[in-house]
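The structure appears right after this line, and notes come after that.
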Amino acid sequence: MAPRFTYDGGAVDPGEIANIRFTVSETYLGDPVRIPVTIINGERDGPTLCLTAAAHGDELNGIEIVREVAHEWDHSALRGTLICLPVLNVPGFIAQQRYLPIYDRDLNRSFPGDGSSTSAKRIAARVFRNFIEPCDIGLDFHTSTRGRSNMLHVRGDMEDPSVARVANAFASNVIIASEGPSGSLRREASEAGTSTITIELGEAHRFQRPLIDSALEGVLSVMAEFGLLETETVKWPGWRTIIDGSDEKTWLRADAGGLVEMHHDRGSLVEAGDRVCTITNPFKTDVTVVEAPFTGLLIGVPENPLVYPGNPLCHLVALDGPTLRAFRQSQSQPVDRV
Ligand SMILES: [Zn+2]
């Protein structure tokens, strides 16, 4: 028999599902600021998995992922507990901005929080103590910042074997190995014993269905790996590259102000010397060509075409020989048309 899941103000018994609005702060009017939480406690014992989204208030793809897991999936065979937090940063979500509106604080640099410190750290502490720290595994969904778009990829501390197990199980093609900045949910949660990865997908202010569907497959694969769903199997993405500090990767930056025209899509391979994009002035008389310094994968691209000199254009990562071959093979296989 599974144990009860308890939080400040309530408990959820095995076999029960609870939808709650959990108070994390107060507005200027003294009204509660509450975040939506769904707790699904399986009848049978197993690990506790936490799904979080919108720590940055305008990053929407993860919200739909967490909502679908919580409210559209059949949980009758669940072993363990799912904690679903679709909107962590409610004030930022309401304002449709990345940061908490109070002094533009970054909630994702405020963990594990502190109940007697800034408003951001108080919010973080309420979330962390009640719903993150009690979990075994964490999946934190993000998108690129406004005006940019990311290929679906995972970030996590691959030197921590339990975090690496989660990252590998998510079955994404690209894993960026890094423990993450101090105060970020994935780093602080992992250090507190909740092995947590970040999943980056797409752009802010959008629901991007193909990316959401891929991420849902990743969630199923993680649940299979850790025995939360015995009927599922762990997936292999076909090819995978793990990018660590020693690998070649760069942000291509604009050396001219102007309007950007991309010549390759997010997730495509560019060869060394390929024209990745061009920057032009309003008269199209002055063209700055941006070339790939090495052969690699475009994991981040601009959606907003306007740049100042120095602005980041594309996030390019090199692939090693075997990965390149596997990537090319995956691209040449026939795709099922739906
Ligand atoms: Zn984010």
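In order along the range 63-73, the phi-based Karplus estimate (6.51 cos²θ - 1.76 cosθ + 1.60, θ = phi - 60°) of 3J(HN,Hα) comes to 4, 5, 4, 5, 5, 5, 4, 6, 10, 10, 8 Hz; Gly and Pro are listed as x. The residues packed around Cys50, meaning those with a beta-carbon under 10 Å from its beta-carbon, carry a net charge of -3 if Lys and Arg are +1 and Asp and Glu are -1.
Classify the range 194-249 from the C-alpha gyration tensor, please: rounded if a/c falls under 1.5, else prolate or oblate depending on whether a/b exceeds b/c. Taking the square roots of the gyration eigenvalues as a ≥ b ≥ c, the range 194-249 is oblate. Each label point was placed 7 Å from the Cα along the Cα-to-Cβ direction; for Arg21 and Asp8 their separation is 1.8 nm.
In units of the compact-protein estimate 2.2 N^0.38 Å, the range 204-338 shows a Cα radius of gyration of 1.28. DSSP beta bridges fully contained in the chain are about 65 percent antiparallel. Long-range amide H contacts for Arg253: which residues qualify at under 5 Å (H placed 1.01 Å from N, peptide plane, sequence gap of 5 or more or a different chain)? HN-HN under 5 Å from Arg253: Leu313. In terms of the mean number of neighbouring beta-carbon atoms within 10 Å, the peptides 106-112, 54-60 order highest first as 54-60, 106-112. Annotation: amide H-H contacts under 5 Å for Val24 (H modelled 1.01 Å from N, sequence separation of 5 or more, or interchain): Val33, Arg34, Ile35. With both residues required to sit in the range 135-270, DSSP beta bridges show an antiparallel share near 25%. Over the chain, DSSP H runs of length four or greater, each weighted -39,500 (n - 2.57), average out per residue to a 222 nm ellipticity of -6000 deg cm²/dmol.
By definition, a body whose alpha carbon gyration tensor gives a ≥ b ≥ c is oblate when a/c is 1.5 or more and a/b is not larger than b/c, and the range 76-149 fits this oblate description. Ranked by the mean number of other Cβ atoms within 10 Å of their residues, highest first, the peptides 180-187, 239-246 fall in the order 180-187, 239-246.
Each residue of the range 236-253 was assigned a 3J(HN,Hα) from its phi angle through the Karplus expression (A = 6.51, B = -1.76, C = 1.60, θ = phi - 60°), giving 10, x, x, 8, 8, 10, 9, 9, 10, x, 8, 7, 6, 7, 7, 9, 6, 10 Hz with x at Gly and Pro. Roughly speaking, what % of Cα-Cα pairs in the chain are separated by over 37 Å, rounded to a whole number? It works out to 20 percent of all Cα pairs.
Computed about its Cα centre, the charge dipole of the range 1-63 is approximately 80 debye, with only Lys, Arg, Asp and Glu carrying charge at their Cβ. Taken along the Cα-to-beta-carbon direction at a fixed 7 Å, the label points for Ile102 and Lys284 span 5.1 nm. Residues whose amide H lies under 5 Å from that of Ile176, counting only those 5 or more places away or on a different chain, are Val154, Arg155, Gly156, Ile243; hydrogens are built 1.01 Å from N in the peptide plane.
Rounded to the nearest whole Hz, the Karplus-based 3J(HN,Hα) values (6.51 cos²θ - 1.76 cosθ + 1.60, θ = phi - 60°) of the range 88-104 follow the sequence 6, 9, 5, x, x, 5, 5, 7, 6, 9, 5, 9, 4, x, 6, 6, 6, with x at glycine and proline.
Of the peptides 299-310, 166-177, 38-49, the order by per-residue mean of other Cβ atoms within 10 Å, starting with the highest, comes out as 166-177, 38-49, 299-310. Each Lys and Arg contributes +1 and each Asp and Glu -1, all at the Cβ; summed about the Cα centre of the range 5-241, the dipole is approximately 620 debye.
Using Cα atoms only, what is the angle between the long axis of helix 209-225 and the major principal axis of the chain, expressed in degrees (0 to 90) to the nearest 10? Helix 209-225 sits at roughly 50 degrees to that axis.
Values in this text are rule-based calculations from the coordinates and carry no lab data. This one's a predicted model, so the numbers in the text were calculated from it and none came from an experiment. Note that we place each Cβ from the backbone using ideal geometry, even for glycine, and neighbour counts take in every protein chain shown.
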